[in-house]
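Below is one structure; the comments refer to it alone.
The values are calculated or read from the model by the stated rules, or taken from the named source; none is laboratory data. Bear in mind that the values here come from a model prediction, so they are computed numbers and not experimental data. Here the Cβ positions follow ideal geometry from the backbone for every residue, glycine too, while neighbour counts run over all protein chains shown. For the accessible areas, the whole protein counts, side chains as well, though only heavy atoms, and no ligand, DNA or RNA atoms are used. Shrake-Rupley method; radii C 1.70, N 1.55, O 1.52, S 1.80 Å.
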Amino acid sequence: MGSDPETVTFRGSDSSEYLRRLPKAELHLHLEGSVTPSILRELSLKYQTKYHSLSEEELNQQLFQYQDFYAFLESYQIVCEHLREPADYLKVLDRLGEYFREENIGYAEIIYTPAVPWKFERDGKEILIALLEKTRELESTQGTMIRWILDCVRQFGPESAQRTAELAEEFQDRGVVGLGLGGDENSLEMKVFKEIFAWARAHRLFLHVHAGEIGGPQQVWDALLILGANRIGHGIQAARDSKLVDYLRQHTVGLDVCLTSNLKTGAWTPISENPFGLLFQRGVPVSLNTDDPGLFQTCLTEEFEKAVRFFHLNQEEVHRIVLQGVHSSFLPHKEKMVLMKRFQEEIHRLSA
Ligand SMILES: [Zn+2]
């Protein structure tokens, strides 16, 4: 860190082209949050919802800009109400396939929330089966490895979470690698989910917990000590607690940081003051992610561009963050090492 942000060039070319071409891993990517204004417009026409008369631009103005985190959750819910059958979800996954190609994303862990279709009495398992089938097609036609995390919604309570854990376990050998907890940090306490997450861990699922996004450092402690999280979604508020920062570094617990998301939900503004830079300097394993590329209208290259610009990263530091994405993934050790070698070779070729 330390180079002048205005003069950043990697390999003598403009950094954004270099960043786009770098192999990247995206670890925090919600399928539902990948709905773009254009996909939402198609779905609103299909189902003739009350938004069907709005243009893409009007949808963008009304549903893709947020006053705060709760306004974002409201929009998220409206988007989810438009995802009704497997074909709708597959449309989003198809778009993600294009995104992975455009961005040279070699590995992605996509978060799917079956509790959303269940809430509307739809078949969340049928949707998962369709997604996993499409995943195999995408993996065979392009280079991206895709794995899945099934997310529980905190405010939906333990019963829905138990059902999600059982579904994740059932499809564990077909591409599901983890169980997650997302939703509103200020709703139910973590301890409500303790047994479910212990059960999932005993069934060899990795555990991903959203914590320390809008909630304080205690949320991150609870995710670690009550739920046994292997990786934390966001976790930026950990920067307020130096003991926690030390713990994350010593136990190599990854934080998936999402700069644009933090800005747009108001979780942490402005980006230049996001704790990402501090956490990175203190040796916490941080990776960069989009969270909801459709809803926040960002992409992984843009997240790296912002990190370079605001935290003055040099080329070697960018490479370290890219590789941290592989380190923090939920792949078994052997597969992780193969992917790591692939990334390292590609980075070497690009930077040679
Ligand atoms: Zn998230």
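Before moving on, here are some points about what is shown:
- Only a single criterion out of (1) within 30 Å of R101 (Cα to Cα); (2) buried (at least 17 other Cβ atoms within 10 Å of the Cβ) is not satisfied by W221, namely (1).
- Scope region 254-268; condition open to solvent by 10 Å² or more (accessible area, probe 1.4 Å) and touching a residue at least 12 places away in the same chain (Cβ under 8 Å); matching residues: K264, G266, A267, W268
- From the list G97, G106, the lone residue that is at negative phi, part of a strand (DSSP E or B) and either among the small types (G, A, S) or at pLDDT 95 or above (or both) is G106.
- If only residues of region 117-175 that are of a type in the set (A, V, I, L, M) and in contact with a Pro (Cβ under 7 Å, 6 or more places away or on another chain) are counted, the one that is nearest to the ligand (Cβ to nearest atom) is L150.
For (1) under 20 Å from F296 (Cβ atoms); (2) among the β-branched types (V, I, T), each residue gets a yes or a no:
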position: S38; (1), (2): yes, no
position: K50; (1), (2): no, no
position: I78; (1), (2): yes, yes
position: P86; (1), (2): no, no
position: G106; (1), (2): no, no
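- Pick from region 12-42, criterion part of a loop (DSSP other than H, G, I, E, B), away from the ligand (no atom under 16 Å from the Cβ) and open to solvent by less than 10 Å² (accessible area, probe 1.4 Å), ranking: farthest from F304 (Cα to Cα): P23
- Meets criteria (modelled with pLDDT under 95 and over 20 Å from the mean Cα position of the chain (by Cα)) for Q162: no
- Close pairs from region 269-285: first more than 15 Å from L248 (Cβ to Cβ), partner open to solvent by less than 10 Å² (accessible area, probe 1.4 Å), Cβ under 7 Å, at least 6 apart: I271/L259; N274/I236; N274/L259; N274/N262
Let's see how each residue does on (1) at negative phi; (2) open to solvent by 10 Å² or more (accessible area, probe 1.4 Å); (3) touching a residue at least 12 places away in the same chain (Cβ under 8 Å):
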position: E102; (1), (2), (3): yes, yes, yes
position: E121; (1), (2), (3): no, yes, no
position: V153; (1), (2), (3): yes, yes, yes
position: G157; (1), (2), (3): no, no, yes
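- Within the span defined as region 275-291, every residue fails to be assigned to a loop (DSSP other than H, G, I, E, B), open to solvent by 30 Å² or more (accessible area, probe 1.4 Å), in contact with an Asp or Glu (Cβ under 9 Å, 6 or more places away or on another chain) and within 16 Å of the ligand (Cβ to nearest atom).
- Tally, over region 330-339, of residues that are more than 16 Å from the ligand (Cβ to nearest atom) and crowded, with 18+ Cβ neighbours inside 10 Å: 2
- Residues within region 200-223 that are in contact (Cβ under 8 Å) with a residue 12 or more places away in the chain and over 21 Å from E169 (Cα atoms), tallied: 11
- Cβ-Cβ contacts under 6 Å between residues 6 or more apart (or on different chains), taken from a first residue in region 19-37 that is without any contact (Cβ under 8 Å) to a residue 24 or more places away in the chain to a second residue that is away from the ligand (no atom under 14 Å from the Cβ) and open to solvent by 10 Å² or more (accessible area, probe 1.4 Å), are absent.
- Selection count where residues are aromatic (F, W, Y) and open to solvent by less than 30 Å² (accessible area, probe 1.4 Å), scope region 67-78: 2
- Residue match in region 300-310 (condition: more than 18 Å from the chain's Cα centre (by Cα), farther than 12 Å from L255 by Cβ and open to solvent by 10 Å² or more (accessible area, probe 1.4 Å)): yes
- Pairs meeting the criteria (first residue in region 187-199 and over 11 Å from Q162 (Cα atoms), second residue of a type in the set (D, E, K, R) and in a helix (DSSP H, G or I), beta carbons under 8 Å, at least 6 apart or on different chains) are S187/R154; L188/R154; E189/D222; M190/D222; K191/D222.
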